[in-house]
1. Considering region A:1-28 alone, what residues qualify as being in contact with a strand residue (DSSP E or B) (Cβ under 7 Å, 6 or more places away or on another chain) and among the basic types (Lys, Arg)?
2. Tally time: how many residues in region B:81-111 are touching a residue at least 40 places away in the same chain (Cβ under 8 Å), over 26 Å from A:His125 (Cβ atoms) and open to solvent by 50 Å² or more (accessible area, probe 1.4 Å)?
3. How do the pairs read when you match residues in region A:34-51 that are under 23 Å from A:Leu153 (Cβ atoms) and without any contact (Cβ under 8 Å) to a residue 60 or more places away in the chain with residues anywhere that are open to solvent by less than 40 Å² (accessible area, probe 1.4 Å) and assigned to a loop (DSSP other than H, G, I, E, B), using Cβ under 6 Å and keeping only pairs 6 or more apart or on different chains?
4. Inspect all residues belonging to region A:169-181 and state whether any of them is surrounded by fewer than 16 Cβ atoms within 10 Å (Cβ to Cβ), more than 16 Å from the chain's Cα centre (by Cα) and of a type in the set (D, E, K, R).
5. Among residues belonging to region B:5-27 that are open to solvent by 40 Å² or more (accessible area, probe 1.4 Å) and away from chain A (no Cβ under 14 Å), point out the one that is farthest from A:Tyr199 (Cα to Cα).
6. Are any residues in region A:1-54 hydroxyl-bearing (Ser, Thr, Tyr) and either within 13 Å of another protein chain (Cβ to nearest Cβ) or within 19 Å of the chain's Cα centre (by Cα) (or both), and if so, which ones?
7. Within region B:1-34, can you find the residues that are under 15 Å from B:Asp61 (Cα atoms) and of a type in the set (Asp, Glu)?
Amino acid sequence: MTDITITEDQRDCYQELSNVAMGQAADRLARLLDAYVVLPIPKVNMIESSELDMAIQDAEKDTAVSAVCQGFIGSGIAGEALLLFKDTSFQDLAALMNYQGPLNRYGELELLMDVSSVLIGACVHGIGEQLEIHFNQGHPVVLGQHCMAEDILRSGNHQWTKTLAIEIHYTLEHVNIDCDLLLLFTEDSVLKLNKVIDYLLD
Amino acid sequence: MAINVLICDDSSFARKQMKRALPTEWEVEVHFAADGIEGVEAIRQGKGEVVFLDLTMPNLDGYGVLETIRRDDLPAMVIVVSGDIQPDAQERVKKLGAMAFIKKPIDQDKARAVLTEYGIMTGA
């Protein structure tokens with residue numbers, strides 16, 4: 001396999017596409033929770049699957065998280081979205097969502113699925129829309145509850161060796177809610193994506 | 001006389017997209033800035049009679065640019081063009097003196113609608 005890289009212009013373009021998509025997702029979340037979501041600049045990198053933990057900020061690595069993963073595919077481009085939700089965030093999330101039940105593993109799971117469907121759905125759709133690709137989404141899969149972020153990222157059995165990783169770190173203003181959304185594209189998809197991107201850059 | 005238009009965005013792709021979205025018949029001189037600090041500098045030099053301003057930028061973000069324009073009473077009509085489309089963000093920039101808010105991704109129709117609505121595009 002040829003070595004897949006992205007140029008600085010392509011990286012900039014991926015970053016801008018992610019920026020718009022994450023804004024749409026944040027808007028959905030903000031309306032759901034009636035809160036303001038702080039938006040950072042998304043991080044775009046080509047990484048090896050063995051160093052997937054490099055895709056997230058150092059500070060996030062040894063935090064206890066609950067994680068959901070959801071695949072997406074369309075026009076020959078495939079990838080997966082990974083949401084790492086900090087366990088310390090559930091208390092405030094439950095309050096904002098008016099969650100009445102007991103906040104045990106099951107309650108947390110319900111909240112986690114709600115947040116991930118909003119964030120992953122809107123983000124994947126937002127990127128697809130700008131590229132004029134309709135992505136079909138697979139079923140969400142819970143990768144773990146109360147695990148170390150680093151362990152979750154290292155446990156994946158991925159088919160690719162190198163991937164385009166987009167990291168979006170969402171935090172909420174005034175409340176303790178903090179999560180990381182990772183979009184990972186397969187090696188083959190990056191070549192196709194780059195072509196679409198080059199067309200946009202032209 | 002051509003109007004000085006400043007496009008302030010950290011993404012070169014976004015700057016290009018914005019420039020392409022400007023109505024072709026609008027007589028303008030387009031200038032670029034890659035962050036808020038460059039943006040303010042360009043406005044001080046008179047290059048930003050009309051400014052298309054991004055919010056999420058390194059060094060000095062769009063909010064910071066708006067605050068500076070207001071504090072130093074700089075002559076600039078600012079249209080915020082942002083991916084942060086939360087109701088709160090729109091309200092905040094309006095309070096800080098932005099004239100209008102356009103949701104990214106920008107296109108010709110959106111740009112034309114705002115420029116016409118606020119009577120910014122003249123002579124067309």
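1. Selection gives A:Arg11 alone.
2. 0
3. Filtered contacts from region A:34-51: A:Ile41/B:Thr56.
4. Yes, the conditions are met somewhere in region A:169-181.
5. So the first thing to find is which residues in region B:5-27 are open to solvent by 40 Å² or more (accessible area, probe 1.4 Å), and the list is B:10, B:12, B:15-17, B:19-20, B:24-25, B:27.
Of the ones still in play, those that are also away from chain A (no Cβ under 14 Å) are B:24-25, B:27.
Numbers: B:Thr24: 21, B:Glu25: 25, B:Glu27: 28 Å.
Here the residue is B:Glu27.
6. Within region A:1-54, the first condition is being hydroxyl-bearing (Ser, Thr, Tyr), and the residues that meet it are A:2, A:5, A:7, A:14, A:18, A:36, A:49-50.
Passing the criteria: A:Thr7, A:Tyr14, A:Ser18, A:Tyr36, A:Ser49, A:Ser50.
7. If the condition is that a residue be under 15 Å from B:Asp61 (Cα atoms) and of a type in the set (Asp, Glu), then B:Asp9, B:Asp10 are the ones that fit.
Here's the yes/no breakdown for (1) touching a helix residue (DSSP H, G or I) at 6+ places or on another chain (Cβ under 7 Å); (2) modelled with pLDDT under 95:
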site	(1), (2)
B:Lys47	no, no
B:Asp54	yes, no
B:Val78	yes, no
B:Ile102	yes, no
B:Gln108	yes, yes
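The values are calculated or read from the model by the stated rules, or taken from the named source; none is laboratory data. Remember, it's a predicted structure, so these values are computed and weren't measured experimentally. Positions of Cβ are generated from backbone atoms using ideal geometry, with glycine treated the same way; all protein chains shown enter the neighbour counts. The accessibility values were calculated without ligands, DNA or RNA, using every heavy atom of the protein model including side chains. Shrake-Rupley method; radii C 1.70, N 1.55, O 1.52, S 1.80 Å.
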